[in-house]
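Trainee: Following this message is one structure expressed as structure tokens.
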Amino acid sequence: MDLRFTDEELAFRDEVREFFRTALPDSIRRKMIEGHHPSKDDLVTWSRILNAKGWAVPHWPVEWGGTGWSPVKQYIFRDELQQAPAPEPLAFGVSMVGPVIYTFGNEDQKRRFLPRIANLDDWWCQGFSEPGAGSDLASLKTTAKREGDHYIVNGQKTWTTLAQHADWIFCLVRTDSAVKKQEGISFLLIDMKTPGITVRPIQTIDGGHEVNEVFLDDVRVPVENLVGQENKGWDYAKFLLGNERVGIARIGISKARLKRVRELASLERIGDVPLIDIPRFREKLAAVEVELKALEMTQLRVVAAESRREKGKPDPASSILKIKGSEIQQATTELLMEVVGPFAMPYQPEEEGRNEPTDGPDWASTAAPTYFNWRKISIYGGSNEIQKNIIAKAILGF
């Protein structure tokens, strides 16, 4: 298998790189470099710049705004986007519910939702996890009982990222409790303005408001908002999670952070010697870089095999990318913490809606919250232990 890029692909990479260099607003780029979260306005602004270029949903079908790029070009685009570094389009719409709608939804749902997702006219959040159904997602208890032309939804979702901004939520709900738990689940699209929905913030260790609890009390959802067939939602969820885990490797983000680690380690000194020249530190940095290169080769193999995979069927190898990608992302935050050392101690929580980072050594003050927050990466999107079970069954045949 030849994993080298062709001349055409290299020229495409240069085009994408130049676009990110010139089109990304400097204020957003600075936030990304210094480890701050882009605001809602930042994401909307950047998504609409991409959409105007025709690049907001490159992996979608052409008739719904996609580019028709090969899997390799899509990989190059994502890699350059992460290395720029630029915000990724809101994954809950672009990478999760959007592909579910254009693959399994009806024509009315496609026309209604897909253009608005591409332009970030609608902000989506994900209603999967529940207090008693995280890694064992099929144990969810949120119910949807049909009454005429509506479902009546009752239950609770948790760890719902950015639900405080959301216009819509896509939910897994139980529509049949008399069958095997995976067979009684349906996939619903719910307007967050519907009476009976309550969003309660969960404050994270860094003082931020990223995740939420969502309560649904007698929420009336039109039957027309059911995606696909009733009780087939588990199949759609597996498809969605397969897409999520390919992107969750975040190789470009790890590349960008290692570049930042090298830059800062050249400035930080141990005595008269730059940290980058200390053998022990160089060995740890090199070990992570080697693992990242191996992960990149694995990602390219998955990309190369994508054209031969049955449409709509997730690649179980995405679980490998999820496991190793999350481990490497965590390792890069550990290296960054080692570089900044005691400079990471002073910390001012980010203010909601602030457009600019505060003055001062932001490259250091964001290191600690990033380190702690990224412990979650090996849990969400399907915990690494669950992914190991998938690999054992679907790839190794155990």
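Trainee: Working from the pairwise distances between different alpha carbons, so that the mean of 1/r is found and then inverted, what is the stretch 1-118's Kirkwood radius in Å?
Mentor: 15.2
Trainee: In terms of the Cα gyration tensor, with a ≥ b ≥ c the square roots of its eigenvalues, is the stretch 103-159 rounded because a/c is under 1.5, prolate because a/b exceeds b/c, or oblate?
Mentor: Values: a/c = 2.40, a/b = 1.44, b/c = 1.66.
Oblate, since a/c reaches 1.5 and b/c is not below a/b.
Trainee: Mind checking the full-extension length gain between residue 262 and residue 112? Use 0.36 nm per residue of separation minus the Cα-Cα distance, one decimal, nm.
Mentor: Here the segment from residue 262 to residue 112 would lengthen by 49.3 nm.
Trainee: What angle, in degrees between 0 and 90 and rounded to the nearest 10, separates the Cα long axis of helix 40-53 from the longest principal axis of the Cα atoms of the chain?
Mentor: It works out to around 90 degrees.
Trainee: Which percent of the accessible heavy-atom area of the chain goes to carbon and sulfur, probe 1.4 angstrom?
Mentor: Result for the chain: 52 percent of the exposed heavy-atom area is carbon or sulfur.
Trainee: OK, next. Given a Förster distance of 51 Å, report the FRET efficiency between residue 284 and residue 138 from their Cβ-Cβ distance, rounded to the nearest 0.05.
Mentor: My answer for the efficiency is 0.80.
Trainee: Calculated from DSSP H runs of 4 or more alone, at -39500 (n - 2.57) each and per residue, what is the 222 nm mean residue ellipticity of the chain, nearest 500?
Mentor: Here the helix-only value at 222 nm equals -14000 deg cm²/dmol.
Trainee: How large is ³J(HN,Hα), in whole Hz, for each residue of the stretch 383-398 in order, when computed from phi with the Karplus curve 6.51 cos²θ - 1.76 cosθ + 1.60 and θ = phi - 60°, using x for Gly and Pro?
Mentor: 4, 4, 5, 5, 4, 5, 5, 4, 4, 4, 7, 7, 10, 8, x, 7
Trainee: Next question. With each label point set 7 Å from Cα along the Cα-Cβ vector, what nm distance links residue 304 and residue 215?
Mentor: Distance between the two pseudo-spin positions: 5.4 nm.
Trainee: Rounded to the nearest 0.05, what FRET efficiency do residue 273 and residue 34 give with R0 = 22 Å and r taken as the Cβ-Cβ distance? Could you check? Could the numbers behind the result be given before it?
Mentor: Numbers: r = 26 Å, r/R0 = 1.18.
Taking R0 as 22 Å, the efficiency between residue 273 and residue 34 is 0.25.
Trainee: Still on this structure, I have one more. Hey, can you grab everything whose amide H is under 5 Å from the amide H of residue 142? Only 5+ residues off in sequence or another chain; H modelled, so Pro and N-termini drop out.
Mentor: Residues meeting the criterion, in which the H sits 1.01 Å from N, are 156, 174.
Trainee: While we're looking at this one, here's another question. Taking amide hydrogens as modeled 1.01 Å from N in the peptide plane, which residues meet the under 5 Å criterion relative to residue 230, leaving out close sequence neighbours?
Mentor: Result for residue 230 returns nothing.
Trainee: Compute the long axis of helix 318-340 from its Cα atoms, compare it with the longest principal axis of the Cα atoms of the chain, and write down the angle in degrees, 0 to 90, nearest 10.
Mentor: Once rounded, one gets 40 degrees.
Trainee: Need one number: nm distance between label points at residue 15 and residue 193, each 7 Å from Cα along Cα→Cβ, rounded to one decimal.
Mentor: For residue 15 paired with residue 193, the spin-label model returns 3.9 nm.
Trainee: I've got another one for you. Compute the acute angle (0 to 90°) between the alpha-carbon long axis of helix 233-247 and the principal axis of greatest extent of the alpha-carbon atoms of the chain; round to the nearest 10°.
Mentor: With both axes taken from Cα atoms, the answer is about 10 degrees.
Trainee: In nm, to one decimal, how far is the residue 297 label point from the residue 48 one, both placed 7 Å along Cα→Cβ?
Mentor: Using points 7 Å along Cα→Cβ, the separation is 4.5 nm.
Trainee: Considering only protein heavy atoms, what per residue accessible area in square angstrom results for the chain with a 1.4 angstrom probe?
Mentor: So the chain comes to 48 Å² accessible per residue, rounded to a whole number.
Trainee: If you average the sequence gap of Cα pairs under 8 Å that are 6 or more apart and divide by the length of the stretch 140-283, what percent do you get for the contact order?
Mentor: The value is 23 percent.
Trainee: Ordered by residue, what ³J(HN,Hα) values in Hz, to whole numbers, does the stretch 259-276 give under the Karplus form 6.51 cos²θ - 1.76 cosθ + 1.60, where θ = phi - 60° and Gly and Pro are x?
Mentor: Calculated HN-Hα couplings, in order: 4, 5, 4, 4, 4, 6, 5, 6, 8, 6, 10, 10, x, 9, 10, x, 4, 5 Hz.
Trainee: With a 1.4 Å probe and all protein chains kept in place, how much accessible area does residue 386 have, in Å² rounded to the nearest 10?
Mentor: 60
Trainee: Which whole-Hz ³J(HN,Hα) couplings does the stretch 59-67 yield from phi under the Karplus relation 6.51 cos²θ - 1.76 cosθ + 1.60, θ = phi - 60°, glycine and proline marked x?
Mentor: 8, 6, x, 4, 5, 10, x, x, 9
Trainee: Decide, for the stretch 81-217, between rounded, prolate and oblate: order the square roots of the alpha carbon gyration tensor eigenvalues as a ≥ b ≥ c, take rounded if a/c falls under 1.5, and otherwise choose prolate if a/b is larger than b/c, else oblate. Present the calculation step by step, with values, prior to reporting the outcome.
Mentor: Working: a/c = 1.67, a/b = 1.21, b/c = 1.38.
The shape class here is oblate.
Trainee: If you average 1/r over all unlike Cα pairs in the chain and invert the result, what Kirkwood radius do you get in angstrom? Please report the intermediate quantities before stating the final value.
Mentor: Numbers: mean 1/r = 0.0449 Å⁻¹.
Radius from the Kirkwood sum: 22.3 Å.
Trainee: While we're here: Find how many whole Å separate the alpha carbon centroid of the stretch 62-90 from the alpha carbon centroid of the stretch 288-307.
Mentor: What the calculation gives is 17 Å, centre to centre.
Trainee: What residues qualify as long-range amide H neighbours of residue 150, i.e. H under 5 Å apart, gap of 5 or more or another chain, H built at 1.01 Å from N?
Mentor: HN-HN under 5 Å from residue 150: 223.
The values are calculated or read from the model by the stated rules, or taken from the named source; none is laboratory data. Quick caveat, the model's predicted, so the values are computed rather than measured. As a convention, Cβ positions derive from the backbone with ideal geometry for all residues, glycine included, and neighbour counts pool all protein chains shown. Just the protein is used for accessible areas: all its heavy atoms, side chains included, with ligands, DNA and RNA removed. Shrake-Rupley method; radii C 1.70, N 1.55, O 1.52, S 1.80 Å.
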